[in-house]
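These notes concern the structure reproduced below.
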Amino acid sequence: MSKKSPESAETKSDACAVKPSTHASAPVNAALSNAQRIELYRKMVRIRRFEERCLPVYNSGKIGGFLHLYIGQEAVAVGACSLMGKDDHVITAYRDHGHAIAVGMDTKPLMAELYGKITGCSKGKGGSMHYFAPDLNYWGGHGIVGGQIPLGTGLAYAVKYQGKKGAAMAFMGDGAVNQGAVHEAYNLAALWDLPVLFVIENNGYSMGTSQERSSAGELGKRAEAYDMKFYICGGHDVYEVRATLDAALTRAREQSKPAVVEIDTYRYRGHSVADPDKTYRDRAEIEDYRKTKDPIQVFQNQLVLEKVLTPALIEEIDAEARAESERAVEFAEASPFPTAADIQKDVYWETDQPKRTSEGRIFFNQP
Amino acid sequence: MPVLTYREAIRAALSEEIERDPNVVIMGEEVAQFNGAYKVTEGMLEKYGPKRIVDTPISEAGFIGMGIGASMLGIRPVMELMFWSFYSVAFDQIVNNAANVRYMSGGQIACPIVIRGPANGGTNVGATHSHTVENILAHHPGLKVVVPSNAADAKALMKTAIRDNDPVMFLENTILYGEKGEVPEGDITLPFGRAAIARTGKDLTIVTYGRCVLHSLAAAETLRASKGFDIEIIDLRTIRPLDVDTILRSVAKTHRLLIVEEQRPYCSIGSHIAAIVQEEAFDELDAPILRVGTIDAPSIYSPPVEKQQIPNVDRVIAGILRLL
C-alpha cells in the first residue's frame, strides 16, 4: 500500500472506533476464549508500558546506544506471535522489544539487557537491537536493515528439511524492502517453496524518509515478481492481524508456500530515541494515529463491546503492567555488569565448553 | 596409502560426512547438476540426491544467509562459494550474522556452518576473482579460518570443519585442486590450530600456508642443494586458531623468520605473526622478520606478470637470501 498523509485531525473522529471489529468473526478470533482475548490485550499493554518505562531510563543515561521503540505497532507483534505453534519461528530487525515480549520473554532480562547487565537476555552483549530467545523460537533482534531476512528464510529451510510442519515469520520494516538481501531471500523462498512469511511492518518511514521518498511502487506487491502470494492488512486491529496471518501461516505450514504480508502500522516515537522527529513528519499526523487508530485503544474498545473487559479490569491490567516495568527496572538496577573477563566468553561455541576441541591460540590479547 | 588429488580429498570428506550425518547439506552455485565449477562435488548429486546436494541461484547474500539461518536450527550446511572473492556480496551475512550471532545472543545460539571455496590468485582471472581473504575473515572473532596445503590435510580438516559447532571459513586453492598426495583411509580428522612441520631445519624458519608451502619447499630444496642451507618450514593449516607455540619453538631454534603468504603486505596474516613473534620471542631473533607476499596492487591479469606478482619459488629464494 502507499502511505498517504492522513486527513487533518479535525475532519476525523477523535476517538478510536467503537464499532465492532469486522475481523472478530474470523475463525481464528472466534475461537478465542475470553482469557485468551484478555491475554492479547495484556501483552500489548505490557509492551507499551515496558517501552514507556525505558524512555526515562534512556534519558538518564543508563541505557547506551540506540533505543528503537515499538510504541504504536503492538498489535502486529502480539497478533502474529499469538499464532505460533511449536515449530514456528520468528526473527526481526532492531525494533525488537515488542516481538520479544509477544513470544513470551520475561521483561526483567529485557530491561537488564538495555542496562548492559549480565542478567540481560544476551548477558549485556547484545543491547536493545539484539534480543534473542531460541528456547521460544525467537531468533533476534538484528541490527542491519534486511540482514535478518535470509536468516529467517534459513529457519524455514531447516523446518522443511527436518520434515516439520512449521513456518518462519521474518519481520522487517518498510525500509528493508529495498535491500538486496531481502530480494535474494524472496527468490530463494519462492523458488524452493519454503514456509516463510515475509512480514513488512509498514510504519511509513524508513528512519526519517517517508515511503513515498524511498520506495517505488507498492511494497507488498513486489511479491508478484517472484510469483509469491501477498497479503495486505491493517495493523491497528489485532484481530485483523491475526486473521490475515493465520491464513498465511496455515498455507505456509500446510502447503510449504512463502508469502509476503504487508501490515499497515505506525510508530509514535522517532526512528530511535535519538531521532528528534521534527523534520520529516507533522505532529498532527502522530496525534491523528494516536487518537483514531491506537491498537491498544482499538482493542480495548472491542473487548469492552464484547463485555470481556471492564473498567476495573482495564485498570488492573494497566496497573500490573506498570508495576511489572518497575520491577524490571529494579531488577536491572540491582544486577551487576558483566566483567572484563566476560568479554571473551560466548564468542565461540568451542571456547565456552569445559574442554576445547581445537588447539592453538584463538584469541589474541594485548597487555 | 591411496593417492588422491586435493579436489578428490575434499570430495571424499564431503561424501563421508554426508553419509555420517543426515543434517549435512552441500549447497552452492553449480555444485549439483553442473558437478561443481571446479568439480569438487562431481558425482555427488547422482549419489546423494537433490535434498543433500543443492544448486543455488547466483545469490550469495541470500543463500549464505539462508545457510546461516538453517545452521541455527541444527542443519550443517557446507556452502560453496565458487570463488571466495564472491564473499564480498555476502559479507554482511558472514561478519554480522555468522560471526556475531552467538555473541549477541549471550551464547544461546550456535552456527555450525562451513563456507568453502578457492581463494587464490595465479589463474589470470583478474582482480575481482583473485582475492585472498584469510586476513579479513580471521579479523572477525567468532569465525575460524582453515587453509589446507595438501590433499591429506584438506580431507581431515574438512571433516573437522563440518563437525565443528562454530562457523568455519575453509579456503582452498584452484591451483592445488589437481595436486596429488597420499591420503590415509578412514575417518581421520585433524584438530584446528595444530600446524605441521613440513620440513625440519635449523638455519631459518619459514611460516607459510596453502599453496605457498609448495613454493617454500621447492626453495628450501634448491638452497640446500646450492648453498647447504637447512630450512624449517611450518605449514599453519589454520589461521584462526593459530598454532603460535609451534612458530615460537621453531624461531627459538633457528632465530630467523621468513613468512610466505599469498597476501598483500598491508595488514596481512604475516603482519599479525610478525607482531606476535617480536612481542613474545624478541630475544630469539637474530634478524628482522621478513615477509614475502603478493605485490601490493590489485591482481594483474597479464599471465606472465601475475606469476611475478604472487609469491613464487624465486621470490621465496630471494627472501631467504636476505636473511641468510
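The values are calculated or read from the model by the stated rules, or taken from the named source; none is laboratory data. Note that the structure is a prediction, hence the values are computed from the model and not measured. Because the Cβ atoms are built from the backbone with ideal geometry, glycine has one as well, and the counts that use them run over all protein chains shown. What goes into the accessible areas is simple: the full protein's heavy atoms, side chains included, and nothing from ligands, DNA or RNA. Shrake-Rupley method; radii C 1.70, N 1.55, O 1.52, S 1.80 Å.
Points worth noting:
- Accessible area buried between chains B and A, both sides summed, probe 1.4 Å, in Å² to nearest 100: 4300 Å²
- Over the protein assembly as shown, accessible surface divided per residue gives 38 Å², non-protein components excluded, 1.4 Å probe.
- Exposure rule at most 14 other beta-carbon atoms within 10 Å, DSSP loop chymotrypsin sites (Phe, Trp or Tyr not before Pro): chain A longest free segment: A:1-362
- Considering only segment A:184-306, percent of DSSP beta bridges that pair antiparallel, nearest 5: 15 percent
- Taking all Cα pairs closer than 8 Å and separated by 6 or more residues, the relative contact order of chain A comes to 25 percent.
- With at most 13 other Cβ atoms within 10 Å, longest stretch of chain A clear of loop trypsin sites (Lys or Arg not before Pro) (DSSP): A:87-277
- Taking the C-alpha atoms only, the angle from helix B:313-323 to the longest principal axis of chain B is near 50 degrees.
- The mean sequence distance of close C-alpha pairs (under 8 Å, at least 6 residues apart), as a share of the length of segment B:3-182, puts its relative contact order at 28 percent.
- Positive end of the dipole of chain A (Cβ unit charges, origin at the Cα centre): among A:Ser358, A:Gly152, A:Asn137, the Cα lying farthest that way belongs to A:Ser358.
- DSSP bridge orientation in chain A - percent antiparallel, rounded to nearest 5: 10 percent
- Candidate cross-link partners of A:Lys291 among the aspartates and glutamates, defined by an alpha-carbon separation under 17 Å and a same-chain spacing of 8 or more, comprise A:Glu7, A:Glu10, A:Asp14, A:Glu74, A:Asp237, A:Asp264, A:Asp282.
- Measuring heavy-atom accessible area with a 1.4 angstrom probe and counting protein chains only, the residues of segment B:215-251 that give up at least 40 Å² relative to the chain alone are B:Arg240, B:Pro241.
- Partner lysines for A:Lys165 [C-alpha distance under 30 Å; skip if fewer than 8 residues away on the same chain]: A:Lys43, A:Lys86, A:Lys221, A:Lys229, A:Lys257, B:Lys47, B:Lys51
- Inter-chain Cβ neighbour count for A:135-146, averaged per residue, equals 3 (cutoff 10 Å, partner chain atoms only).
- With the charge dipole of the protein assembly as shown set up from +1 on Lys and Arg Cβ and -1 on Asp and Glu Cβ about the Cα centre, the Cα lying farthest toward the positive end among the listed residues A:Asn34, B:Pro298, B:Ile188 is that of B:Ile188.
- Qualifying chymotrypsin sites (Phe, Trp or Tyr not before Pro) in segment B:227-299, where qualification requires a DSSP coil assignment and no more than 14 other C-beta atoms within 10 Å, comprise B:Tyr266.
- Partner lysines whose Cα lies under 21 Å from the Cα of A:Lys123, excluding those fewer than 8 positions away in the same chain, are identified as A:Lys62, A:Lys108, A:Lys345.
- For segment B:36-83, residues shielded by at least 50 square angstrom of accessible area compared with the chain on its own, probe 1.4 Å: B:Lys51, B:Pro57, B:Met66, B:Met72, B:Leu73, B:Ile75
- Based on Cα contacts under 8 Å between residues 6+ apart, chain B shows a relative contact order of 16 percent.
- Charge context of A:Lys123, other residues only, Cβ under 14 angstrom, K/R +1, D/E -1: +1
- Surface composition of chain A: carbon plus sulfur atoms hold 53% of the accessible area, using a 1.4 angstrom probe and ignoring ligands, DNA and RNA.
- Kyte-Doolittle at least -0.5, axis length at least 30 Å by Cα - qualifying DSSP helices, chain A: A:311-334
- Sparsely packed GluC sites (Glu not before Pro) within segment B:166-227, loop by DSSP, other Cβ within 10 Å at most 14: B:Glu185
- Qualifying trypsin sites (Lys or Arg not before Pro) in segment B:43-100, DSSP loop, other Cβ atoms within 10 Å at most 15: B:Lys51
- Of all DSSP bridge pairs formed entirely within the protein assembly as shown, close to 20 percent run antiparallel.
- Within 10 Å of the Cβ of each residue in A:169-179, the mean number of Cβ atoms contributed by other protein chains is 0.
- Segment B:196-323: equivalent-ellipsoid semi-axes (sqrt of 5 x gyration tensor eigenvalues, Cα, Å): 22, 18, 13
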